[in-house]
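Enquirer: Take a look at the following structure, please.
The values are calculated or read from the model by the stated rules, or taken from the named source; none is laboratory data. Remember, it's a predicted structure, so these values are computed and weren't measured experimentally. Here the Cβ positions follow ideal geometry from the backbone for every residue, glycine too, while neighbour counts run over all protein chains shown. SASA here: full protein model, heavy atoms, side chains in, ligands and nucleic acids out. Shrake-Rupley method; radii C 1.70, N 1.55, O 1.52, S 1.80 Å.
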Amino acid sequence: MIRVGMGFDVHRLVEGRELWMGGIKIPYHLGLLGHSDADVVLHALCDALLGAAALRDIGFHFPDTDARYKGIDSKKLLLETMRLVAEKGYSFGNADITICAEQPKLNPHIPAMQQAIAECIGCDVDCVSLKATTTEKLGFTGRGEGIAAYATVLIEKKSL
Ligand code: MG
């Protein structure tokens, strides 16, 4: 049986924070604001995985009111998400992720993000697709107020 899931996340860009996306630190003068490391890419991916397995959402499993998750590396949230998905009998198929950001330019960082995500999931880098787009200076992403990410995943359960 195969199942699909989609995830969406947004974080605000602010001064005085590191910019973590796709499991890596990206050099930029602004960073994403959040209770965790605010890795918008991994959060969208976690939500897509949870959605595919009908396991609610990231806020349900990792509430931002819980001190355990303060400043946490979102790769740990992805690992725990993969554990939950595997517990329900599913294995990872592939992910396709789109990041909407006016700045910084993300294309040079895509291979490293792909690598970090694939290592975390334990899959081939070829199973993790990342795309970056601007929104033509329109909306909050276009004004550089925040970054948004969309993720689609496929998971599968081998029939007995
Ligand atoms: Mg988030």
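Enquirer: Considering only residues that are acidic (Asp, Glu) and either within 9 Å of the ligand (Cβ to nearest atom) or at pLDDT below 95 (or both), which ones fall in the range 9-30?
Expert: The one that is acidic (Asp, Glu) and either within 9 Å of the ligand (Cβ to nearest atom) or at pLDDT below 95 (or both): Asp9.
Enquirer: Go through the range 142-160 and count every residue that is open to solvent by less than 60 Å² (accessible area, probe 1.4 Å) and outside any strand (DSSP E or B).
Expert: 2
Enquirer: Now a separate question. Would you mind stating whether Val4 is more than 11 Å from the ligand (Cβ to nearest atom), under 25 Å from Cys127 (Cα atoms) and more than 14 Å from the chain's Cα centre (by Cα)?
Expert: Answer is yes for this residue.
Enquirer: A further question follows. If I filter the range 98-105 for residues that are surrounded by 20 or more Cβ atoms within 10 Å (Cβ to Cβ) and among the small types (Gly, Ala, Ser), do I get at least one hit?
Expert: yes
Enquirer: Sticking with this one: Consider Lys70 against the criteria (1) more than 11 Å from the ligand (Cβ to nearest atom); (2) of a type outside the set (A, V, I, L, M, F, W, C); (3) without any contact (Cβ under 8 Å) to a residue 24 or more places away in the chain: it satisfies all of them except one. Which criterion is unmet?
Expert: (3)
Enquirer: Within the range 31-54, which residues are buried (at least 19 other Cβ atoms within 10 Å of the Cβ) and more than 15 Å from the ligand (Cβ to nearest atom)?
Expert: Ala52, Ala53, listed by residue number.
Enquirer: Working only within the range 56-78, note down all residues that are in contact with a Cys (Cβ under 6 Å, 6 or more places away or on another chain) and of a type in the set (A, V, I, L, M).
Expert: The answer is Ile58, Leu77, Leu78.
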